[in-house]
Every structure is written in C-alpha cells, then in structure tokens.
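None of the figures in this text is laboratory data; all of them are computed from the coordinates on show. Note that this is a predicted model, so its numbers are computed, not measured. Here Cβ is always computed from backbone atoms with ideal geometry, including for glycine, and neighbour counts include all displayed protein chains.
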Amino acid sequence: MIRTIWTFLVGSVVLGWWGVAVIWEASRGRKPSAWYAMITTRWCRSVIWAAGCPMVVHGREHVREGVPQVIASNHISWFDVFALASVIEVPYHFVAKKELLKVPFFGRALEAAGHITIDRSNRDRAIVSLRAAGEKIRHTPAAVVIFPEGTRSSDGRLMPFKKGAFMLAAESGVTIVPTAITGSFEIMRKGSWRITSRTIHIHFLPPIPAHEVAALGAAGADPLMNAVYTRIAAVVGESTPAAA
C-alpha cells in the first residue's frame, strides 16, 4: 500500500509540474515536437522509478530515429504506457482512446502534447481519426505507438487484435515494429489500483519494413494483423486467433 500511495503521489506531482509546462507552451503556439515527447518521457520515468520497477529492453536497435514507424504492442497494464514512453528514444505519439481527454488536467496535457486520440464510440469518427493519424505518421519522422487489442487484458493473456490499427498502418505504408511486453501485468492489474514492484521486459522485435507492410496491406488488414500478432504471440506464449 505504501508503494501505491508513493507512486501516485510522485506521478501526480510530476504531472502537475510538467503538465503546466506542456499546456502553457501549447497555448503559446508551440507545435507538437520532440520537446513534448521528452516531457512525457520524464513523467513516465518518474512513475516507473517510484513504483520500483526495473526495465529490461531487448532489440532497442529496431526503433530507428528519423524514420516514420508504427510501434504495435500488446497491452496488459497501464504500466505498459509508462514503460514504453520511458525507453523509446525517438520522438513519438501515443494513440489513445478519446475518453482520456475527459480526465481533468491530464486530458489537456495529452492533447497539448500532440498525442492522437480515437473516438471508439462512433465508427465514422474513428475512421476519420485514424486517417488523420495516418497523415501525421507519413509527414512526421516519429514513432506512433498503438495497442492493437484496444484495451488492457484482464487476465494477462494476449487478446484478439482490432483491425483499425492495421488499416492505419496499411494506409500509411510505413514500417511496423511488433513489440511484446512481459512482466507488467502483476504490477497493476486491470480493475485494481494496487501497485507491486516487478521487472518489465520490453521486446522490440524485428520490424516489418514498409514494402512488406504495403504488400500485406494490399490484401486488407487481416494479413498484416496476423503477421504482427504471430510475432508478439511467439514472445508472450499465446496462439489464439488474431482477429476480433
């Protein structure tokens, strides 16, 4: 319980400090840039530090600077977000559900920092959001981080993927870096606020290059989705179907 209180206290204080800076800079017209990613990274590293969770990164070389790419990761805990933001060393944007914009203060900082939100309650608006995200990917030499399952797993197992993320990747025609996270499920399970210290392993797997993404995407979202699912499943030990 002490670790949980300490982590939330540190996270809230640091968010308050850097969140004000982000909102202030955005109000002055500062465009989304590597500076905003740096601020997100500092906040997330403070949370990881407070929680006492060591991180081990495998395949860091697969995330390349100056190259548009999609990082597609499994999602078993809120700490997946903190872990990825802490170790990605290139400018990045997260794709998040639009409901997070309603969180007081955090939502404003999220939007100001240029992260991408998707309205999942309305299919047409979701498609518009995904296409806007695709434009950002194509014209920004940065990584876009997505969680193809669409939500956190309630039991730690890999869930079926949603097609939207792969429609985005196929339309964008950029490299995809399949990413597998292990160890974070026990830190903070879905539906629980209790935090337990565990080691997080982040596996950046060999990328699917842009020309392969284009070839797979030409046949629809399924082949691309299955290719990414298979690579992640091999690390986390799952073999269930990829499609939802």
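In nanometres, what is the gap between the two model label sites at MET38 and THR4, each 7 Å from Cα along Cα-to-Cβ?
3.6 nm
Looking at segment 142-223, which chymotrypsin sites (Phe, Trp or Tyr not before Pro) are in a loop (DSSP not H, G, I, E or B) and have at most 15 other Cβ atoms within 10 Å?
Those satisfying the criteria are TRP193.
Would you tally the net charge around PRO148, using a Cβ to Cβ cut-off of less than 9 Å, leaving PRO148 out, and scoring K and R as +1, D and E as -1?
Surrounding charge for PRO148 is +1.
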